[in-house]
Structure formats: C-alpha cells, structure tokens
Amino acid sequence: MIATRAANDVAYFKRYRMEMDLVGPLPPVPSLPVGYAWIPWEERLIDAHADVKCQCFRDEVDGIVFPNLANRIGCERLMREICTRPGFRPQSTWLVAHGETYIATVQGVANRIGTGSIQNLGVIPSYRGRGLGMALLLQALHGFRLTGLARATLEVTAQNDTAIRMYRQVGFRFRKTIYKVTENSTYRLDP
C-alpha cells in the first residue's frame, strides 16, 4: 500500500529515519563500471543535479511525497536550498556520469551536532541495478567522514525495499518511523 488515506482527503506516507555510526569500519567506495565517472560538486553543476534528481524521482512515490522532486523547477529550487545551507558538504555531493550524460546524484548536509544527512540519492531508472546507488552512498559517507562527522542519517519511504536493503547492507539501522502528510492535490502517479 502506498499511503493511508484520511477522511479529510490527505494521505500519510510511512517513512523511516535510519542512522549509522561513521567511526567504525566503513566499506570502501567501489570502482565505477568502465565508462562511468565521478563528478565532484561544483556550483556550476546545480542544473545538472536538478535535471538528474527530477529524472530519478518524478515517476516514483517520492515525487508524490515530496512534490518538488516531481518537476524540474522544484528540483532546481531544492538544489539551491541545499547548497546554501550552512552545513552543506561538497565532499558528500556527487554526480555520476556515463560518457557525457549525468545519470545519478547525491547531496550531503551536516547538522550542528555533527551528523551528516544523505539527501536525494537517486539513479535514473534505466541505469539502476549496476551498483551505482551503493557507490554514491559510500562516496557520500566517506565525504562525511573526511569532514569529521561521526554519524550519518537519512530518510526513506517505507515501500522502497531496494533502497532499504542497500542502506542496511552498509550499516544503517532503523531509528524512527515518520508519517509524512500529503494533500490530495499532490497525490498522483501518472500511468
């Protein structure tokens, strides 16, 4: 079930907050397949991150839960907000390219108590299943560690079983269940 509907025409989406310790052993960042490349953060890449983010999430449940992820303008606005936050971590913000095409993205932000937060990790659907999500996750976590952060956190929609398995494999554990409210006007999945 994607959501629980309330009588007032809102939907509640179940999400998990997951955390892991960055002080202990961390798996190494795997090599990308031949023809793929890491693209480190540069401000001039805001539009590229926004384009990839939109392609990753617009047809997924997260595009319903967070309507900004379902359209290009919303993704650009989100990227601009992320990269101007005081805790923005360029070392944990990456694109992956296949040839000249950007195909995956992740951003990292830290809070005041020394916890890094994985933001919007996504791989364009036609490139999934190649280990790119795991590589992005580990690249971001190593970036957090390089900047002295001791913990990492993320949130994931409960029905995203593939992502949850990946996060648990790396060492994330469930810490809290959250219900995100979405109004009917934003609740849609195109056929």
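The values are calculated or read from the model by the stated rules, or taken from the named source; none is laboratory data. Treat the numbers as computed from the prediction; the structure is a model and nothing was measured. When we count neighbours, we look across all protein chains shown, and the Cβ atoms used for this are built from the backbone with ideal geometry, even at glycine. In case anyone asks, the SASA skips ligands and DNA or RNA and just uses the protein heavy atoms, side chains included. Shrake-Rupley method; radii C 1.70, N 1.55, O 1.52, S 1.80 Å.
Brief remarks follow.
- Coarse-grained scattering of segment 36-132 at q = 0.12, 0.16, 0.20 Å⁻¹, given as base-10 log I(q)/I(0) from a Debye sum over alpha-carbon atoms: -0.35, -0.62, -0.96
- At 1.306 mPa s and 10 °C, Stokes D of segment 93-148 from Kirkwood alpha-carbon radius, µm² per second: 135 µm²/s
- Measuring between their Cα centroids, segment 67-89 and segment 32-51 lie 15 Å from each other.
- Residues GLN159 and ALA37, FRET efficiency given R0 of 30 Å [Cβ-Cβ distance, rounded to 0.05]: 0.40
- Stretch gain in nm, segment ILE113-ARG130, where the contour uses 0.36 nm per residue and the Cα spacing is subtracted: 2.7 nm
- Dimensions of segment 3-92 based on its C-alpha atoms, expressed as ranges along the principal axes with the largest first, amount to 49, 34, 33 Å.
- Accessible carbon and sulfur surface of the chain relative to its total accessible area, %, 1.4 Å: 51 percent
- Simple spin-label estimate for THR101 and VAL61 in nanometres, 7 Å along Cα-Cβ: 2.7 nm
- Surface per residue (accessible, 1.4 Å probe) for the chain, Å²: 51 Å²
- Ranking ILE64, ILE39 by solvent-accessible area of protein heavy atoms (1.4 Å probe, all protein chains present), from largest to smallest, gives ILE39, ILE64.
- Gain on full extension, evaluated as 0.36 nm per residue between HIS142 and GLN169 minus their Cα-Cα distance, stands at 8.2 nm.
- About its Cα centre, the dipole of segment 91-179 is roughly 400 debye, where the only charges are +1 on Lys and Arg Cβ and -1 on Asp and Glu Cβ.
- Counting Lys and Arg as +1 and Asp and Glu as -1 over every other residue whose Cβ lies under 9 Å from the Cβ of ARG17, the net charge comes to +1.
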